[in-house]
Amino acid sequence: MKEQVTQCRSAGGVRYELTRKRVRNINLRVRADGTVAVSAPARASVSRVDEFVASRAEWIEDARRKQARRAADEAARPVPDKETALALFAASSARIWPLFAAIRPAPPELRVRDMRSRWGVCDPGKNRITLALRLAAREPELIDYVLLHEYCHFVWPDHQPHFWALVARYMPDWKARRARLRG
Ligand SMILES: [Zn+2]
């Protein structure tokens with residue numbers, strides 16, 4: 001079988017790129033630019049693939065709308081450079097560190113990375129908190145939530161109830177802040 005042969009097709013008003021791969025099922029993905037990529041096993045006929053794509057037309061439209069909204073949100077919140085981001089995060093860390101000074105006599109090292117899937121990562125062993133660059137585009141109270149969240153991981157590495165109880169003790173409105181961060 002020839003692999004990675006891509007053809008352009010259209011079904012149910014959806015234009016898509018079909019690639020034959022050694023996959024078990026038909027897989028559909030909406031790329032960041034809104035184009036649709038489909039991979040399918042050799043045994044799936046093109047009419048079967050077309051049918052599959054057509055059946056997902058509404059879902060694809062929805063995914064594109066969400067992507068467009070996310071892109072507009074991000075454009076409305078310009079991300080500063082790493083140095084500026086680090087200064088913002090350091091200011092937030094300076095507000096939160098005193099709460100943890102007893103267990104972290106040395107303030108943690110802060111790092112900035114261009115992370116997409118997480119806002120922050122805590123490495124207790126290295127006494128380090130890594131923060132997503134895009135967090136710097138958000139309001140200070142939301143940055144504080146992420147910093148506090150990561151500081152609480154110095155106490156509890158997991159997200160069990162005892163972890164959230166600790167977050168709530170220092171930040172009673174953490175849920176509202178998290179919701180704004182996600183929104
Ligand atoms: Zn966490």
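The set of residues in segment 134-183 that are within 14 Å of the ligand (Cβ to nearest atom), part of a loop (DSSP other than H, G, I, E, B) and either under 17 Å from ARG116 (Cα atoms) or in contact (Cβ under 8 Å) with a residue 40 or more places away in the chain (or both) comprises PHE154, VAL155.
Within segment 27-45, is even one residue within 30 Å of MET171 (Cβ to Cβ) and either part of a loop (DSSP other than H, G, I, E, B) or not assigned by TED's automatic domain parsing to the domain that holds ARG138 (or both)? For segment 27-45, residues within 30 Å of MET171 (Cβ to Cβ) and either part of a loop (DSSP other than H, G, I, E, B) or not assigned by TED's automatic domain parsing to the domain that holds ARG138 (or both): absent. Which pairs do you get when a residue that is outside the structural domain of ARG116 (by TED's automatic domain parsing), found in segment 58-71, comes within reach of a residue that is of a type in the set (Gly, Ala, Ser) and assigned to a helix (DSSP H, G or I), reach meaning Cβ atoms under 7 angstrom, with the pair 6+ apart or on two chains? Sorted first by the residue in segment 58-71, then by its partner, the list stays empty. Number of residues in segment 32-91 that are small (Gly, Ala, Ser), modelled with pLDDT under 95 and closer than 24 Å to PRO140 by Cβ equals 3. Summed over segment 107-133, residues that are within 11 Å of the ligand (Cβ to nearest atom), surrounded by fewer than 17 Cβ atoms within 10 Å (Cβ to Cβ) and not in a strand (DSSP E or B) total 1. Residues in segment 119-144 that are more than 14 Å from the chain's Cα centre (by Cα) and among the hydrophobic types (A, V, I, L, M, F, W, C): CYS122, ILE129, ALA136, ALA137, LEU142, ILE143. Contact annotation: residue pairs with Cβ atoms under 6 Å, 6 or more positions apart or on different chains, pairing a residue in segment 114-127 that is touching a residue at least 12 places away in the same chain (Cβ under 8 Å) with a partner that is within 16 Å of the ligand (Cβ to nearest atom) and among the aromatic types (Phe, Trp, Tyr), are PRO124/PHE154. Here LEU86 meets each of (1) hydrophobic (A, V, I, L, M, F, W, C); (2) in contact with a helix residue (DSSP H, G or I) (Cβ under 8 Å, 6 or more places away or on another chain); (3) assigned by TED's automatic domain parsing to the domain that holds TYR145 with one exception, condition (2).
The values are calculated or read from the model by the stated rules, or taken from the named source; none is laboratory data. Just so it is clear, the structure is predicted and the values come from calculations on it, not from any experiment. Methodologically, a virtual Cβ is constructed for each residue, glycine included, from the backbone with ideal geometry; neighbour enumeration extends over all protein chains shown.
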